[in-house]
Every structure is written in structure tokens, then in C-alpha cells.
1. Are any of the pairs K143/K410; K41/K70; K322/K350; K42/K70; K218/K322 more than 24 Å apart by Cα-Cα distance, and if so, which?
2. Using a cut-off of 16 Å between alpha-carbon atoms, which lysines can reach K366, once sequence neighbours fewer than 8 places away in the same chain are excluded?
3. Quickly rank 58-67, 109-118, 149-158 as a protection proxy: mean count of other C-beta atoms within 10 Å, highest first.
4. 7 Å from Cα along Cα→Cβ at both N259 and R52: what's the point-to-point distance in nm?
5. If each DSSP helix of 4+ residues adds -39,500 (n - 2.57) and the sum is divided by the residues in the chain, what number results at 222 nm, nearest 500 deg cm²/dmol?
6. Using a simple charge model, +1 on the beta-carbon of Lys and Arg, -1 on the beta-carbon of Asp and Glu, nothing else, what dipole does the stretch 4-129 show about its Cα centre, in debye to the nearest 20?
7. Normalised by the number of residues in the stretch 185-264, what is the relative contact order in percent for Cα pairs under 8 Å and 6+ residues apart?
8. For the stretch 200-452, what does the relative contact order come out to in percent, with C-alpha contacts under 8 Å and a separation of six or more?
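What follows draws every value from the coordinates through simple rules; no lab data is involved. From a predicted model like this one, the values you see are computed outputs, not experimental measurements. Positions of Cβ are generated from backbone atoms using ideal geometry, with glycine treated the same way; all protein chains shown enter the neighbour counts.
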Amino acid sequence: MTDYKSIIKSNAFCLVPWIHQMIDTSGAHKLCCVSQGAILKKDDDSDYNSSRNELKDSWNSNHMKSFRKKMLDGIKLDECDSCYSDERVGRTSLRQNINGGWLNSLGEEEIKDRIIYSLQNNYEVLASPVYLDLRLGNLCNLKCRMCHPFSSKQIADEHYSLLKNNPDYNEIYDSMDIAWPNDSSLIQEDYYNDNMNSEWYESNLLWDELIEMIPHLKRVYLTGGEPTLIKNNYKFMEAIIERGYNKKLSLAFNINGMNVNDRFLKLISQFAEIQINVSIDGIGTGNEYIRGNSEWEVVDTNFQKLMSLDNVKEDWHRSPIKLFVNSTIQVYNILDVKNLLDYVTNCRLKFKKYIDLDFILLNNPKFLNVGILNKKIRTKCIDLLDEFLNESSHLYKDDSITLNSVHAVKNLMSEEPTNSHLLKYFMNYTEILDKSRNQTFSNALPELYEMINE
Ligand code: SF4
């Protein structure tokens, strides 16, 4: 396949390996944030890691080139399953977003040059990446139930304590196909200590390269961990401003809404384009139950503070700060979908500003994935979404992210349950975390508790 237009239209093709690099919270270089098990490896099977390697080492590694080759040959990567699952239920995937968005922002000629060059040069890409995803450590103040040790130090502490002291928890993790990362070694303590406690994000090798890359970058996604707590995110934003690139590149953050501080607000106000995704997974008790340590009043107050910023405009396309609510759809919040939608709608009406709600569909761990839910809960969820569509869809544009998400969840809920046999793991896991966190499923989410146990 050498025709450029048919390559980029292929369902297997994604621009990521031509424009983007990611450093995960352990310093490992990875294909992208939603890819599974796609840590870039050297020929000797060791990982590329920013504590000892530059991004340019992995950019044209044989592993990266193998991803490019497969995509150019129209072969779907196993690592990209979460994008294909989203597309199956009609949710716009990251692949589709990136392909569409970057064709516009980088321009067709530039994209074409990168692809053609790689085709003619053994899958190498000469130009630098323009889009970085940087996770400079796993410092976080929360311990969300669906998150994992690599994204939160709080979870790592709880996880290793449970692994040592609780045989039932071990049993869940003996069955690794139902758990978090595909590679079970990633959540073992030795691996974690070797990779997470190295403070790799302080290395001069990394900072020299990041500073050198600034003039080439168009977009940087800073998360973690909680990006507003990670001090090196501030250092990087300041470095961009000092060099005068704050009006030339855009930044994106995923924040948990617990720490919207003045230093953060002051720094982001100096950039021409910022995207802030605020993760909210339930309203009130629901959010506090799923997102351990969160306090609804604080999250709500901070969200309203963001909504009231002058840089969040009524016209979304012209808004220097683009605000989203991200809700990770999982078992725990499947009956909270309408509350989440109503919350966003009410904020929009109150502040007269356009924001969207994006339902992110959780894949792993499988026992928190909605595939385990029974027919009755599915029907109830669809009814709630229909209620929202009847009441409020006229307030959203036809092609809005919110409506796309709602229809995707409806489609997902219309499917037959796929993993009912994992319900016992869900119940065990929930009980173990409840004990560890002094919470109670039946009190926090009474309706879901009853419907699961019927
Ligand atoms: S298809 Fe999806 S998972 Fe694969 S590289 Fe692109 S965005 Fe990442």
C-alpha cells in the first residue's frame, strides 16, 4: 500500500508513531497513553527509559519502526485495542481524534512528508515529534478505585500493603488477565521500586532534551499523577514561557479538581491555548467513593472557579482555556450517568459557557469494566441516558463530544453482558478496598448495590 490517501483512511492507521512520544510515570517510553503494553523496547528487550535514554533513541528504534510498518501495511495493532473498542460502540477514539485533529493543525503536506519519508527510509521519521505526553512521576493525592500504582503513589502504598497482608487480594492478582497492566511484573514491588523510586524525572539527560525540543513542539499533555502537584510540571511550563513559546504551543492537563491553586492558574493564563480535563466520576458521595480521598465540596468549588475564569469563553472554539469534564465509565458510576450529565448541563446554563462531558470507557481492570453488569442495570442506564437526551440534547451541538459519549454508552449498554463471571472479583475487590478505606459500598451507592445483589 503506497497511496498516501488510502493509508491515512485505513482503520488500522494512526498518526501517533509519526508525531507523538510519551514518557510514562516510570520514565518508560510508550506508544501512547491508551495503548496496552506498548512500552518501547530495545533490541535486547530492555525498556527505553528517560533515566538513561533520550526520546530520540526510541523515536526511530526498531520497535517503533515495527509499529509504523504494521500501520502502513493496514494491520491493526493488538496494543491499540482500546481505540478499536471505542470505535466499535461509536465513541470517537483517540486514534480518530488524533488523525483528524493533526491533519488540520499540522497540515496535510507535513503529515504526507513524514509518512512518505518513513515509507522510503525503512520506517524512520526524520522530523521531531510535535506532541509530547509527559508524566513526570506518580505523585497524587487521590487513590481512585480503577487507577493503578503507576499513576498514584497513594495506590502504590495501599496496593503493596494489601499484596503483603491480604491473601484474597493476592488471589485477584494471580489472575492477571482480569487486572490492570497486561504484564504482571509491572505491579510487583521489585519492578515498582526499581522504576518508580529512581527520581528519573530529575535527570539532566531528560531536561536537556526537553528544553531542546521546545521549539519543535505544538502540544504537550502534562498529567501524572496529579499534574498540579508535580513540581516539575511547573518547571517545564516556566521553561516554555522563558523561551517565548507559550503562545506557540498548547498544553493539556487531566486534573482531579482537588488542587486548583493560584500558581497553576497564573501560569496557564500565560498560554494561548490550554485544555483542562477535570476528572469527575460521580456526583457527591459517588465521586468520593470512587476517587478515594476526594472531597466533593472542594471539587465542586474548584470546578466552578474554573468555569468562572475569563479565559473560559462562551464560544468554545475561541476559548483560550477549553474545559472538559472526563468521567471514566465503570461499574461504580453506571447509574450516576444522568447526574453527571445534569451537573455539566447546569454548570453550562449557570455560567453561559460551552463545555463538554466526555465519557471515557474503562477497559481494565476487567472486573470494573461494565461488561460484568446484568441486563436490568443496563436497561436502567439506557433509560437514564434517554431521559437526558429528551430533556437536554437540544442544548448540545449535534456533533458534540457529550452526545457522542452518551450514544457510545447507550450502545455499550445494549450489548449482552460479556464478563458476568467476574462479578465475584468485583465484589471481593470492593469489599477489600472498603475495609482498607473505611467505606461501605451499600451506603455509598445503595441503588447499584441492590441491583447487583438482586
Ligand atoms: S490507535 Fe489508539 S492506542 Fe494505537 S497508537 Fe493510536 S491512539 Fe494509541
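1. Checking Cα-Cα distances, K143/K410 exceed 24 Å.
2. Qualifying lysines at Cα under 16 Å: K424.
3. The peptides rank, most packed first, as 149-158, 58-67, 109-118.
4. 3.0 nm
5. On the way: 21 runs with 210 residues, N = 454.
Value at 222 nm, helices only, nearest 500: -13500 deg cm²/dmol.
6. Here the stretch 4-129 has a charge dipole of around 300 debye.
7. Normalised by residue count, the contact order of the stretch 185-264 is 34 percent.
8. Here the relative contact order equals 15 percent.
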